[in-house]
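The values are calculated or read from the model by the stated rules, or taken from the named source; none is laboratory data. Not measured: the values here are computed from a predicted model. All Cβ positions, glycine included, derive from the backbone under ideal geometry; neighbour counts span all protein chains shown. Just the protein is used for accessible areas: all its heavy atoms, side chains included, with ligands, DNA and RNA removed. Shrake-Rupley method; radii C 1.70, N 1.55, O 1.52, S 1.80 Å.
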Amino acid sequence: MVDKMELRVAKFGGSSLADANQFCKVKKIIRENENRRYVVPSAPGKSEKYDVKVTDLLYSLDAAVENGEDHAPFYDLILKRFVEIRNDLGLKTDIESELEKILKDIMDGAGPDYAASRGEYLNGLLLSEFLGFTFVDAKEVILFDKRGKYDERATERKVAEVLQNIEHAVIPGFYGSLPNGNIKTFSRGGSDITGAIIAAAMRADLYENWTDVSGFYMVDPRVVKKARKVESVTYRELRELSYMGAAVLHEDSIFPVYKYAIPINVRNTNEPEDKGTMIVPTIDNYHGNPVTGIAGRKNFTIISIEKNGMNAELGFGRRVLASIEKYGIPFEHMPSSIDSLCVVLENQKVKDNIDDIVDDIHRTCEPDSVEIIKDIALIATVGKRMRDSIGTAATLFTALARANINVRMIDQGSSEISIIVGVKNDDFEKAIVAINDAFLEQ
Ligand code: ASP
């Protein structure tokens with residue numbers, strides 16, 4: 001039954017709007033529940049017929065124009081994709097004139113953000129005509145300050161002011177505008193953020209994020225074929241898992257809704273009967289598996305430092321971090337014990353600075369030893385309930401030992417909702433499978 005008072009914001013990703021057939025699925029979903037009043041589309045993504053996202057074509061178009069290269073192949077393909085959707089759906093939106101104007105703006109130097117944003121803009125025009133919803137250009141409501149930082153207060157006020165008088169609207173994702181009117185985009189995948197912002201500004205009851213997977217899995221289904229679907233996950237758990245590479249939502253899309261405790265429901269446009277995964281502020285009285293998810297990333301470097309009496313030495317940690325900061329490298333983790341500490345860095349950010357950093361640490365900290373461990377994968381086992389379940393760590397480490405995997409680093413973190421282990425890159429998949437199998441049985 002549909003609750004008349006409820007308000008939902010529904011964001012549809014690129015694959016959900018990649019062609020006319022997908023548009024029809026979206027319409028059916030919107031029609032099924034009249035509380036889905038505000039719809040945020042992405043640009044057309046990859047489809048059966050096209051192995052490229054329109055956003056990538058737009059970036060390429062802009063780069064070709066910028067470099068004085070032939071831009072026609074990109075332009076023609078973008079035009080073809082939008083015209084095909086329009087014609088297949090029998091719509092009237094004048095894509096040809098819109099795109100002509102867009103090309104002219106790009107040639108006049110409107111820039112890559114403007115170019116990239118046009119995928120969402122044009123898809124928004126088509127979707128609003130198809131649904132019979134009002135089109136609200138995101139540049140009018142999603143606002144950035146003059147330094148290019150997203151302006152939360154101004155945006156929330158503006159969104160609420162504009163949408164309060166509109167019953168049903170389509171607001172394109174991914175972009176907004178600077179105070180001078182120029183278009184600015186979020187980072188890639190940023191339509192998720194737009195959806196969250198609209199949901200927050202309108203104090204929606206639910207933010208639905210429609211994509212091409214049925215939610216969130218306990219472990220990457222590409223690593224473990226029979227991965228278990230997660231019914232619900234808390235914002236905090238999701239943050240930990242997204243950081244570790246579990247990419248279902250743009251990681252910044254949690255912040256806007258977090259403030260108002262609005263749940264996010266990740267759903268599958270191609271399997272709308274599946275309830276998907278709920279992302280919620282907290283889960284009370286949960287008695288299921290202590291582990292919600294397992295995710296990881298490869299390619300870290302660990303600097304392991306030992307010095308007798310380290311705990312009593314004032315400023316030791318600060319000096320270690322200062323040696324790393326000097327090279328502009330952020331640190332990811334820093335587990336420590338009485339006489340030793342480890343700093344975990346991303347390989348890609350360390351580049352070839354490692355010897356200089358080690359020299360610096362020797363000079364400023366006079367340690368007994370410094371060891372560099374390269375090509376480490378970090379794996380986080382995450383679960384809000386791990387904190388008060390006995391034996392979680394034992395299960396985890398027994399599973400790794402049985403699989404003959406050497407653990408090079410352990411970090412439980414102060415939040416106690418995750419245990420992170422560092423293993424050799426080569427052991428990554430084996431370790432994930434072992435941890436998953438151990439907790440699946442629970
Ligand atoms: N179309 C943009 C991208 O491909 C934004 C999005 O889809 O969320 O990154």
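Which loop-located trypsin sites (Lys or Arg not before Pro) does the stretch 187-245 contain, where loop means any DSSP state but H, G, I, E or B and the Cβ has at most 10 other Cβ atoms within 10 Å?
Here the sparse-neighbourhood loop sites are 222, 225, 226.
Heavy-atom accessible area per residue, the stretch 21-159, 1.4 Å probe: how many Å²?
For the stretch 21-159, the solvent-accessible area averages 48 Å² per residue.
For the stretch 272-324, with the dipole built from +1 on Lys and Arg beta-carbon atoms and -1 on Asp and Glu ones, taken about the Cα centre, which of 324, 302, 281 lies farthest toward the positive end?
My answer, from the dipole projection, is 324.
Compute, for the chain, the length of the dipole vector about the Cα centre, with Cβ point charges of +1 (Lys, Arg) and -1 (Asp, Glu) only. Units Debye, rounded to 20.
Here the chain has a charge dipole of around 920 debye.
Along the positive direction of the dipole of the chain (beta-carbon charges: Lys, Arg +1; Asp, Glu -1; about the Cα centre), which of 10, 150, 340 reaches farthest?
Sorting the options by dipole projection puts first 10.
Restricting to Cα pairs below 8 Å that are 6+ residues apart, what does the relative contact order work out to for the stretch 104-208? Please round to a whole percent.
Computed over the stretch 104-208, the figure is 29 percent.
Could you give me the percent of Cα pairs per 10 Å distance bin for the stretch 197-258, shortest bin first, beginning at zero and ending with the bin that holds the maximum distance?
Per 10 Å bin, starting at 0, the Cα pair percentages come out as 19, 51, 25, 5.
Can you return the aspartates and glutamates within cross-link range of residue 430? Criterion is Cα-Cα under 15 Å, with same-chain partners fewer than 8 residues away left out.
220
Using a cut-off of 25 Å between alpha-carbon atoms, which lysines can reach residue 259, once sequence neighbours fewer than 8 places away in the same chain are excluded?
Those lysines meeting the cut-off are 4, 11, 139, 146, 149, 158, 184, 275, 384.
Compute the Kirkwood hydrodynamic radius of the stretch 379-442, taking the inverse of the mean of 1/r over all pairs of distinct Cα atoms, and give it in Å to one decimal.
After inverting the pairwise mean of 1/r, the radius is 11.8 Å.
Between residue 372 and residue 440, how high is the FRET efficiency from 1/(1 + (r/R0)^6) when r is the Cβ-Cβ distance and R₀ = 25 Å? Nearest 0.05.
With a Förster radius of 25 Å, E is 0.10.
Taking every alpha carbon pair in the stretch 235-294, what does the distance histogram look like in 10 angstrom bins from 0, in percent?
Whole-percent P(r) values from 0 Å outward: 20, 49, 31, 0.
Per-residue ellipticity at 222 nm for the chain, helices alone: DSSP H runs ≥ 4 residues times -39500 (n - 2.57), over residue total, nearest 500 deg cm²/dmol?
Helices in the chain give a 222 nm mean residue ellipticity of -11500 deg cm²/dmol.
Give, to the nearest whole percent, the P(r) tail of the stretch 238-336 beyond 19 angstrom, counting all Cα pairs.
64 percent
If I compute solvent accessible area with a 1.4 Å probe over the protein chains, what percent of it on the chain is carbon and sulfur? Intermediate results must be reported in sequence, preceding the final value.
Details: 9930 of 20820 Å².
Here it works out to 48 percent.
Two decimals is fine: what is log10 I(q)/I(0) at q = 0.12 Å⁻¹ for the chain, from a Debye sum with one equal scatterer on every Cα and no solvent?
Values returned for q = 0.12 Å⁻¹ are -1.08.
Work out the length of the dipole vector of the stretch 98-229 about its Cα centre, built from +1 on the beta-carbon of each Lys and Arg and -1 on the beta-carbon of each Asp and Glu, and round it to the nearest 20 debye.
With Lys and Arg at +1 and Asp and Glu at -1, about 680 debye.
I need to check one value: relative contact order of the stretch 207-362, counting alpha carbon pairs closer than 8 Å and at least 6 residues apart, in percent.
23 percent
Multiply the residue gap between residue 146 and residue 363 by 0.36 nm, knock off their C-alpha separation, and tell me the result in nm, one decimal place.
Full-extension gain reported as 73.9 nm.
Any chance you could tell me what percent of the C-alpha pair distances in the stretch 302-372 go past 18 Å?
Above the 18 Å cut-off, the stretch 302-372 has 27 percent of its Cα pairs.
Give the peptides 252-259, 7-14 in descending order of average Cβ contacts within 10 Å, highest first.
Most protected by this proxy first, the peptides run 7-14, 252-259.
Given the stretch 79-195, report the % of alpha carbon pairs whose separation exceeds 17 Å.
57 percent
Principal axes first, then extents: for the Cα atoms of the stretch 340-396, list largest minus smallest coordinate on each axis, whole Å, largest first.
The Cα atoms of the stretch 340-396 stretch 44, 26, 16 Å along their principal axes.
What angle, in degrees between 0 and 90 and rounded to the nearest 10, separates the Cα long axis of helix 428-440 from the longest principal axis of the Cα atoms of the chain?
Orientation of helix 428-440: about 90 degrees from the principal axis.
If you line up the long axis of helix 72-89 against the longest principal axis of the chain, both from Cα atoms, how many degrees apart are they, to the nearest 10?
The angle comes out near 60 degrees.
Enter the angle in degrees (range 0 to 90, nearest 10) between the Cα long axis of helix 191-201 and the first principal axis of the Cα atoms of the chain, meaning the one along which they spread out most.
It is inclined by approximately 80 degrees.
At 7 Å along Cα-to-Cβ for each site, give me the label-to-label distance between residue 77 and residue 157 in nm.
So the two model labels end up 4.4 nm from each other.
Principal axis extents for the stretch 113-272, Cα atoms only, whole Å, descending order, please.
The principal-axis extents, from largest down, are 49, 36, 31 Å.
Taking the inverse of the average 1/r across all pairs of different Cα atoms in the stretch 1-85, what Kirkwood radius in Å do you get?
Radius from the Kirkwood sum: 14.5 Å.
In percent, what relative contact order does the stretch 277-420 have, based on Cα pairs under 8 Å that are 6 or more apart in sequence?
Over the stretch 277-420, the number comes to 33 percent.
Please calculate how many Å² of accessible area the stretch 216-300 carries per residue, with a 1.4 Å probe and no DNA, RNA or ligand atoms counted.
With all protein chains present, the stretch 216-300 gives 49 Å² per residue.
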